[in-house]
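Read the structure below first, then the notes.
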Amino acid sequence: MEDLLEIKDLKKYFFLKKGLFSFNKETIKAVDNISFSIKKGEILGLVGESGSGKSTIAKLIVRLIYPQEGKIFFKKEEIGKFSREKLSKNVQMIFQDPFASLNPKLSIGTIIGEVVRVRNKISGEICSKGEVREEIKRILATVGLPINILSDYPHQFSGGQRQRIGIARALAMRPRLIIADEPVSSLDISIQAQIINLLLDLKEEFNLSFLFIAHDLNLVKYLSQRMLVMYKGKIVEEGLSEEIYRNPQNLYTQQLIESIPKIKYWL
Amino acid sequence: MADILEIKHLFVEYYKRKKVVSALRDVCLNLKQQEILGVVGESGCGKSTLALSILKLILPTEGKITKGEIIFKGYELWEEDYLGDKNIISMGDDSLRKIRGGEIGMIFQDPFTSFNPVFTIGEQIYESLVLHRVGKDLNTYSAIHKEAINSLKRVMIASPQQVMNSYPHQLSGGMLQRAMIAMAISCRPKVLIADEPTTALDVTLQKEILDLLKKLQQELSMSLILITHNLAIVAEICTRIVVIYAGEIIEEAGSEEIFCRPRHPYTIRLLGSLPYLKPEGKRLVVIPGTIPDLIDLPVGCKFYPRCDEASDTCLQKINMKEVNKGHFVRCCRVKEEIDGLY
Amino acid sequence: MFKVFWERFKHNKLALSGLIVILVLTIQACFAPFIAPYNPTEQNIANRLSPPSGKHFLGTDELGRDVFSRIVYGTRISLSVGFVAVGVAVLIGTLLGLWAGFFGGWVDNLIMRLVDIMLCFPTFFLILMVIAFLSPNIFNIMLVIGLTSWSGLTRLIRGECLSMREREFIQAARLAGLKNNRIIFVHLLPNVFTPILVFATLGIGSAILTESALSFLGLGVQPPTPSWGNILTAGKDYIHTAWWLSFFPGLAILITVLAYNLLGEGLRDILDPKMGDKNG
C-alpha cells in the first residue's frame, strides 16, 4: 500500500542548562534519528513509556515544534514547505487531556465553527452562517453528540463528551491523517471503549489513517496491525503487532510485554 | 481469618454550592486479616472517599460521614483487655492520631505531591517513626535511624542511606513511590490502604510496585486495600474484589469469581470493554451514557438508565443478594440469566 | 456562569459595599447639575468661609463657593480621569502582554525590557515632568497617567499567556490553521479577562489618587474647574480656621479609592478560585 506519511532520519534534541552560571548544557535526545512511514488507511501504533519521545514525534509531525534534522513527507511532499493552513487541512490531532484541549471560554459552536470556516476558506467555498451551522451539526452527529449543543460551553460536558468534541474539531477539517496522542488514557474504562469504537467507525467511514500513540500495549495491539516500540528516543522494535506481542525481539519490548498486567483467569 | 476492619452502613455526603453530593450510600464491607482486597470503580464513584473515610480524613468544610460505623478490630486482636473506642468515626483526636499512619497506613496516587519538598526523605520517615514508635519500641536515635534504613531496604531500595539524604525532587517517580511505601510500612501498620498506587507510573514500574506491595503484605502480614480503576491490576494481586458504582457497592466476590462469573450487568460490560484477547475486527463492549450525577441520582438501581436489561422492577430499592458463596450482587434481575455478553 | 459569579459576589460584603459606593458616585457624576444645590463656580464673597450649616451643608470656601457642589462636580473629573487613564493603561498593557506571552522570543524580550525601563522610573516624577512640559489640562493628565501605569498589567498578562501557550487548546487552535491574531484575541484574551478586570478596578483607585495629587500640586486640573485635588489645595491655607475646606474633599478621595480597592480585592477573591474551570 501507498505511504501517506514518511519520516526520514528525524532528530530533535533539547538542551538543558545545568547550572545558573555554567555553560555546560545537558543534551536530551528526545527523538534520535527516527524513520518510519504510515500507510494509507492504517492505524499505526506507537508505544513507549513517558519520556520516550513519543509525544515529541507527534508535535514534530504537526509542526508545533521543529526538528534539528530530518524530513517529513506527506504524500511525497515535504511538510516543512507546507503553510499552516495546508498542513492543518491534511493532518489533525486528538489530544490526551479533554479538559485542557478545549478553550473554556468558547462555545462548542465557536470551537468547531472556526475550523469549518478555515476549511471553507482553503477550499474556496463560500458558506453562509446557516450552512456553517448545518455542517457543525452534521459533524456533531457523526461523533455521536446531540446537535443542539452549539451554544454550550466545555465545562458543561463530561470527559468522554469533551473528547468527542475534540474529535469533532479534528474531523471538521476532513483530514487524511489523525495523530491521536494518548486519546483515551485520561478517560474512564467504560468511556474508553466508547471512544475507541468511535475512532474505528470513523476510520472506516472516512478512510482515515491514524498514528495512535499510547502507553497501553494491549490497546495498541487491539487497534493496530503494525506498531513501533520507542525507548529513549529510538525505535527499538517495529513490526506486526501480533508478532511483536507474541515474539518480542528487543530486550526492552520483552520487558514491556512482561510487565503488562494480565488477567490470569482469562488466559 | 478474623476480620480486622469492619465498615457498617457507611453514608458519606459532600456539600457543593449548597447541594448535597451523595458520595457513598450504605457501604458495608469487611476486611479480613492478611487479605488483599481490591476496590474497583470509575472516577467519581466514591472509591477514594471510602479510603479517606476509613481514616476519617474527609475535611469538615467539604463533607461528612452522616451515618455508619467503621470498627477497627486490631486492638482487640492484640490486646484482649482493650476497652477504648473501636469505632473510628467516634474516636477522639488522640486515638485517631495513633490509628492514622500507626495502625492504618496509606499510600497515595502521586508520590511527587505526597512528600514535602523542603525536607529530605529521611527526615520525613523519622517524623512518622517518632510519632508512632518512640515510647513503644524505639527509644534511641540510632534505633530510629536503623529502622528507617530497614524500611527502605524492605522496599528494595539499593542505596538506602543515599535516598534518606535526598530531597523528593532528586528522585525518580518509581523511587519516590517506593520511599512512600517505606514510610507507610515503617510504623508497621496492620492495614495498608493504597489509593491508585501505580496510576502515575509507567507500565514497567507498575508491575514492580505491585509485586512489592504483595511481597510486603506477606512479609509483614498486613491487610491491603488496593483502590484502583484498573481491573487488570486488581486481577494481578487481589484475593477479593469489590466493585463500586455511583457510591454503592454493586458486586463483591472472590477474584476469580468476578472475572469468570460476573453477575452484575455493569461488571459484565466493564470486563467486556477491556481490550484483552479480542479477536480481530470484533468491537469492544460499550456501556452507553455516562456515570449518573451524584447530586441527582436515579431511584432504585443506579445503573438502570445505562442498562439494556432494565425493567420496571429495577426502580425499587435494591439490596445486596448472595448468589453464590461469598458472591454478593446488587441487581434485581440477577436470578434471570444475563451472561454470555462478553 | 454569571449566576455563579453573582451568587459569590452577594456573599462578599466588602466588595458589595464597594460596588454600591461606586454606583452612588457614578450617579452623582452623571446627574451633578441636579444634585448640586449651587453653581460650583459662582462666587459670593459676602458669604466666604462659612462653616457647614443648613444652607451650605459642607460650608463655603474662600470665595464663598458651595463646597458640596464643588465636590459633586469634582466627582466628574475624578471618575473620568480614573476611567480614561485605566482604559489607556489596559489597552496598552493587555496588547503588549498578549504579544509578549504569545510570540515569546525577541518580541517578548523587547517588550519586557521596555517594562523594566518603565518600572525603573519613579512614575510620579515622570508624570510631573511631562505635565510641566505639556499644558496641564485634563486630557493630558488622563493620557499621561494611562501611559505610565500599564507595565504591571503587561507582566501579569505575559505570565498568564506563557503558561497558557503550552495548554493543549492553544496548540489545537494552531493546528486548526487559525491566524495568530485570531488565536491571540479569540482564544487567549477571554482567558486573561480576570486579571484585567482586577487590575482595572484597582487601577482606577490609584489613578484617582494620582490625579488628586497632581491637582494638589497645581499641575492637574486648573481652577476654577473643581477637582478634589484643587479644592484640597485651596483649603490647606485655611486648615486652622476652616477645616471643612480640606476635610471633605479628602474624605471623598478616601471613600472613592477605598471603594475601588474593596471591589478590586473582592473581584480577585471571587474570580480567582478557577471559576468555571473544571466544574463550572
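The values are calculated or read from the model by the stated rules, or taken from the named source; none is laboratory data. Worth saying up front: this structure is predicted, and the values here are computed from it rather than measured. As a convention, Cβ positions derive from the backbone with ideal geometry for all residues, glycine included, and neighbour counts pool all protein chains shown. What goes into the accessible areas is simple: the full protein's heavy atoms, side chains included, and nothing from ligands, DNA or RNA. Shrake-Rupley method; radii C 1.70, N 1.55, O 1.52, S 1.80 Å.
Of note:
- With contacts taken as Cα pairs under 8 Å at a separation of at least 6 residues, region C:13-161 carries a relative contact order of 23 percent.
- Compared with the dominant Cα axis of chain C, that is its longest principal axis, helix C:13-30 is turned about 60°.
- Estimated inter-spin distance, C:GLN43 and A:LYS129, nm [label 7 Å along Cα→Cβ]: 6.0
- Residues of region A:97-142 buried by at least 50 Å² on assembly (accessible area, 1.4 Å probe, chain alone as reference): A:ALA100, A:ASN103, A:PRO104, A:LYS105, A:GLU114
- Test item: B:267-274 mean partner chain Cβ contacts at 10 Å: 4
- Whole-number percent relative contact order across region A:182-243, with pairs defined as alpha carbons under 8 Å at least 6 apart: 22
- Helical segments meeting 15 Å axial Cα length and Kyte-Doolittle 0.0 threshold in chain A (DSSP H): A:108-123, A:189-206
- 19 Å Cα cut-off, lysine pairs counted over chain C (separation 8 or more, or different chains): 4
- Here's the list of aspartates and glutamates a cross-link from A:LYS25 could span, going by alpha-carbon distance under 20 Å and ignoring same-chain residues fewer than 8 apart: A:GLU69.
- Lysines with Cα under 23 Å of B:LYS56, excluding same-chain neighbours fewer than 8 positions away: B:LYS8, B:LYS16, B:LYS18, B:LYS19, B:LYS32, B:LYS47, B:LYS64, B:LYS67, B:LYS73, B:LYS86, B:LYS98, B:LYS190
- Here is how the number arises for chain A: DSSP H runs of 4 or more residues each give -39500 (n - 2.57), the sum is divided by the residue count, and the result at 222 nm is -11000 deg cm²/dmol.
- The mean accessible area for residues of region A:191-260, using a 1.4 Å probe and ignoring ligands and nucleic acids, is 42 Å² per residue.
- Taking amide H atoms as placed 1.01 Å from N in the peptide plane, the amide H of B:LYS67 lies under 5 Å from those of B:PHE11, each 5 or more residues away in sequence or on another chain.
- Student exercise, region C:148-249 dipole from Lys, Arg, Asp, Glu Cβ charges, in Debye to nearest 20: 500
- A simple charge model with +1 on the Cβ of Lys and Arg, -1 on the Cβ of Asp and Glu and nothing else charged puts the dipole of the protein assembly as shown at about 1680 debye relative to its Cα centre.
- Of the beta bridges in the protein assembly as shown, as assigned by DSSP with both residues counted there, near 60 percent are antiparallel.
- Candidates B:PRO275, B:PRO298, B:PRO111: whichever shows maximal mean-square fluctuation once chain B is modelled as a Gaussian network with Cα springs under 10 Å: B:PRO275
- Considering only beta bridges that DSSP places wholly inside chain B, some 60 percent are antiparallel.
- Region C:1-107, dipole about Cα centre (Lys/Arg Cβ +1, Asp/Glu Cβ -1), debye to the nearest 20: 340
- For chain B, adding -39500 (n - 2.57) for each run of n ≥ 4 DSSP H residues and dividing by the number of residues yields -9000 deg cm²/dmol at 222 nm.
- Between helix C:105-120 and chain C: long-axis angle, C-alpha atoms, 0 to 90°, nearest 10: 20
- Total accessible surface hidden between B and A, rounded to 100 Å², 1.4 Å probe: 3200
- Cut-off 20 Å (backbone N to label point 7 Å along Cα→Cβ of A:LEU251), residues of region B:154-198: B:158
- For region B:212-318, GluC sites (Glu not before Pro) meeting the loop criterion (DSSP other than H, G, I, E, B) and having at most 11 other Cβ atoms within 10 Å: B:GLU280.
- Nearest-0.05 FRET efficiency for C:ASN109 and C:HIS11, computed from C-beta distance (R0 41 Å): 0.40
- Summed buried accessible surface, chains C and A, 1.4 Å probe, nearest 100 Å²: 2300
- Candidate lysines - alpha carbon under 19 Å from A:LYS129, same-chain residues fewer than 8 apart omitted: A:LYS121, A:LYS137
- Taking the charge dipole of the protein assembly as shown about its Cα centre, with +1 at Lys and Arg Cβ atoms and -1 at Asp and Glu Cβ atoms, the residue from B:GLY300, B:VAL242, A:SER259 reaching farthest to the positive side is A:SER259.
- For a 4.7 Å threshold on C-beta separation, the list of partnerless cysteines in the protein assembly as shown reads A:CYS127, B:CYS28, B:CYS45, B:CYS187, B:CYS238, B:CYS260, B:CYS307, B:CYS331, B:CYS332, C:CYS30, C:CYS120, C:CYS161.
- Karplus-based coupling profile of region C:140-147, in residue order and whole Hz: 4, 5, 4, 4, 5, 4, x, 5, with θ = phi - 60° in 6.51 cos²θ - 1.76 cosθ + 1.60 and x standing for Gly or Pro.
- Computed E for B:THR66/B:LYS282 - FRET, C-beta separation, R0 41 angstrom, nearest 0.05: 0.35
- Helical content alone sets the calculated 222 nm signal of chain C at -22500 deg cm²/dmol, taking -39,500 (n - 2.57) per DSSP H segment of four or more residues and averaging over every residue.
- Shielded residues, region B:192-213 - accessible-area loss of 50 Å² or more between chain alone and all protein chains, probe 1.4 Å: B:ASP202, B:VAL203, B:THR204
- For the protein assembly as shown, the fraction of 1.4 Å probe accessible surface lying on carbon and sulfur atoms is 57 percent.
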